[in-house]
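See structure below.
The values are calculated or read from the model by the stated rules, or taken from the named source; none is laboratory data. For clarity, every value in this text was computed on a predicted model and none was experimentally measured. Note: ideal-geometry Cβ built from the backbone for every residue, glycine included; neighbour counts use all protein chains shown. Just the protein is used for accessible areas: all its heavy atoms, side chains included, with ligands, DNA and RNA removed. Shrake-Rupley method; radii C 1.70, N 1.55, O 1.52, S 1.80 Å.
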Amino acid sequence: MAQQTEILKQKNEYGYYEIRMESVGGQGANLAGKILADAGILHMGLNGVNFASYGSEKKGTPVKSFIKFSEPDRDIRVNSPVVEPHLLVVFHTNLAGKVAVMQGVKPGAAVIVNTPKKCDEVRDLLQVPGGVTLYCVDAMKISVEEKVRINTTIMGTICRAVDFLTKDAVHASIKDIFGHKYPHLLEPNLNAFERGHEEVDILEVPDDGKYPVQPFTPFRPKLGWKNAPIGGVIPNPGNTALNDMSMSRSGFYPVWHEDLCINCGECDSVCPDQAMIFVTRKDDKGEDKRFMTGVNLQYCKGCMRCVDVCPKQALTAERETE
Ligand code: SF4
Ligand code: SF4
């Protein structure tokens, strides 16, 4: 019997090519994983799985999306998270301060980063080990210009970095998702995909030992069945104070214009993250009154509800840059 030609050049001990995407809720990493898995399975005949891991459903919290591919004659029986990815995708560089994104990335792997920065700078920022191929793409800029989410732009870069994944297969998978439900979004998403494929800075990181490979360390919660407070109470109020929602913004942020604001509080009533900063001051009559003083951008996730609701256009959506 003729030997079947192998499609995957890189595989782990189980015969899988593995992708890990590090993202935040709302950036579309989960959907990107589904589209790419469909491309490999339905349009290239590979075996594959896609699944994601996240905490709360809330927009802005860290999300991991995993894809595994294997040859058509090898079933995928191991469904654990990807610890040593052949391809790592980082949807936002700020994630590096909260999540150990580079864990398990070894020489020979590829790393894609959504950033306006060049690869030389990103290499040091993320401490990318030697022997890795680094791809930097300004997916936010492209996506804002094409008026789509960043996931299709990043899929274009993924298609560039993964040698066996064909553009035709991913195009077909994007068409499957958008063509029926959202036909008006198909063309801009395909444009973003194409630009994500082409507008990439690529660096073969020299094997100089500057940053070591970070071994994968499984997450261990500090509280478990042995030591959690009885009744599941949270003894540390305000424990989300360090949460940073800025990563979930999609290229725009609300700008407050003090001269137009009438302190009506409409924006505060619709903001899902209590990002509006109000203080109590004396008004002209000497009475205590609440005054708007700005937006706390650490907690703002860029939903623009405040901009929509403001009766005086005292909040406007502006393009956000680095
Ligand atoms: S809704 Fe507009 S006018 Fe009202 S407090 Fe907010 S910014 Fe000011
Ligand atoms: S865009 Fe406005 S409503 Fe939405 S999170 Fe930011 S401040 Fe709140």
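Taking only the C-alpha atoms, wrap a convex hull around the chain and report its volume per residue in Å³ as a whole number.
Given the Cα convex hull of the chain, per-residue volume reads 183 Å³.
Let me cross-check Tyr17: its accessible surface, 1.4 Å probe, with only protein heavy atoms counted, in Å² to the nearest 10?
The value for Tyr17 is about 10 Å².
Over region 122-177, how many percent of alpha carbon pairs lie in each 5 Å bin up to the one with the longest distance?
P(r) over region 122-177, rounded to whole percents: 4, 16, 20, 21, 21, 10, 6, 2.
Specify the angular offset, from 0 to 90 degrees and rounded to the nearest 10, of the alpha carbon long axis of helix 167-181 from the longest principal axis of the alpha carbons in the chain.
In the chain, helix 167-181 runs at an angle near 40 degrees to the longest axis.
Rolling a 1.4 angstrom probe over the protein heavy atoms, how many square angstrom per residue are accessible across the chain?
Heavy-atom accessible area per residue stands at 53 Å².
Rounded to the nearest 10 degrees, what's the angle between the helix 29-44 long axis and the longest principal axis of the chain, both from Cα atoms, 0 to 90?
It works out to around 20 degrees.
As a quick test, which of the pairs Lys68/Lys147; Lys11/Lys118; Lys34/Lys181 have an alpha carbon distance above 18 angstrom in this structure?
Long pairs (Cα-Cα over 18 Å): Lys68/Lys147; Lys11/Lys118.
Can you find, among Ala100, Thr133, Ala317, the residue sitting farthest towards the positive end of the charge dipole of the chain, where Lys and Arg contribute +1 and Asp and Glu -1 at Cβ?
It is Ala100.
Highest mean first, how do 122-129, 198-205 rank when packing is the count of other Cβ atoms within 10 Å averaged over residues?
Result, highest mean Cβ count within 10 Å first: 122-129, 198-205.
Apply 1/(1 + (r/R0)^6) to the Cβ-Cβ distance of Ile277 and Ile230, taking R0 = 35 Å, and write down the FRET efficiency to the nearest 0.05.
0.45
Taking each pair of different alpha-carbon atoms in region 90-197 once, compute 1/r for the pair, average those values, and report the inverse of that mean as the Kirkwood hydrodynamic radius in Å to one decimal. Walk me through the numbers before you get to the answer.
Details: mean 1/r = 0.0686 Å⁻¹.
About 14.6 Å for region 90-197.
Seen from all sides and averaged, what is the projected area of the convex hull of the Cα atoms in region 171-322, in nm²?
For the Cα atoms of region 171-322, the hull's average projected area reads 18.0 nm².
Which lysines have a Cα lying under 17 Å from the Cα of Lys301, excluding residues fewer than 8 positions away in the same chain?
Cross-link targets: Lys58, Lys59, Lys98.
What are the principal axis extents of the Cα atoms in region 16-204, in Å, biggest first?
Principal extents (largest minus smallest coordinate, Cα): 42, 41, 35 Å.
Which residue fluctuates most in the GNM of the chain (Cα springs below 10 Å): Val63, Val49, Val255?
Comparing Val63, Val49, Val255 in the GNM, the peak value goes to Val255.
Over region 251-319, what percent of the accessible surface lies on carbon and sulfur atoms, probe 1.4 Å?
Whole-percent figure for carbon plus sulfur exposure: 47.
Within region 16-204, what whole-number % of the accessible surface is contributed by carbon and sulfur, with the 1.4 Å probe and all protein chains included in the calculation?
Details: 3580 of 7300 Å².
Exposed carbon and sulfur together represent 49 percent of the surface.
At q = 0.16, 0.18, 0.25 Å⁻¹, what log₁₀ I(q)/I(0) does region 251-319 have when each alpha carbon counts as one equal point scatterer in the Debye sum?
Taking Cα atoms of region 251-319 as identical point scatterers yields -0.50, -0.63, -1.12.
About the Cα centre of the chain, how large is the charge dipole given +1 on each Lys and Arg Cβ and -1 on each Asp and Glu Cβ? Please answer in debye to the nearest 20.
960
Return the ratio Rg/(2.2 N^0.38 Å) for region 1-121, where Rg is computed over Cα atoms only.
Computed over Cα atoms of region 1-121, the ratio equals 1.12.
Can you compute the modelled spin-label distance between Leu223 and His257, with each label point 7 Å from Cα toward Cβ, in nm?
4.6
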